[in-house]
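Written below as structure tokens is the structure these notes are about.
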Ligand code: FES
């Protein structure tokens, strides 16, 4: 009979505080969805959680976090909603803000 796979992934809306908005599937990384749609709200780097270029603050919404470098987002920061956009997959509509790391 049928397998238990989700046939069509859900798609959520991701809004940047700058007013840009794009769609991101539940199984898609926010940064890659943004890049696919040629949006430029968040800086793009390694796309693999290592460089910190895509650091964001999630202001609203639920999301899944893939493993990422603690050099760029500490556990404490992650608990406050900071994340790397290339490591975030949405579980609801999201509101995000680019949050590049300050040098201090
Ligand atoms: S693009 Fe390098 S950490 Fe996300």
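Between residue 25 and residue 79, how many nm apart are label points set 7 Å from Cα along the C-beta direction?
Distance between the two pseudo-spin positions: 3.5 nm.
What list do you get for 36, 47, 55, 87 if you sort them by fewest beta carbons within 10 Å?
Working: 36 12, 47 17, 55 22, 87 25.
Listing 36, 47, 55, 87 from fewest to most nearby Cβ atoms yields 36, 47, 55, 87.
Counting only helical runs of four or more DSSP H residues, what would the 222 nm mean residue ellipticity of the chain come to if each run contributes -39,500 (n - 2.57) and the total is spread over all its residues? If you can, show how the numbers build up before the last one.
Values: 2 runs with 12 residues, N = 104.
Helix-only estimate at 222 nm: -2500 deg cm²/dmol.
Based on Cα coordinates alone, diagonalise the gyration tensor for the chain, multiply each eigenvalue by 5, take square roots, and list the semi-axes in whole Å, largest first.
Details: eigenvalues 109, 48, 31 Å².
Each semi-axis is the square root of five times an eigenvalue, giving 23, 15, 13 Å.
How would you order 12-19, 71-78, 28-35 from highest to lowest mean count of nearby Cβ atoms within 10 Å?
Descending mean neighbour count gives 28-35, 12-19, 71-78.
Laboratory data are not the source of any read-out in this text; all were calculated from the coordinates shown. None of these values were measured; they are calculated from a predicted model. Positions of Cβ are backbone-derived with ideal geometry, glycine not excepted, and every protein chain shown enters the neighbour counts.
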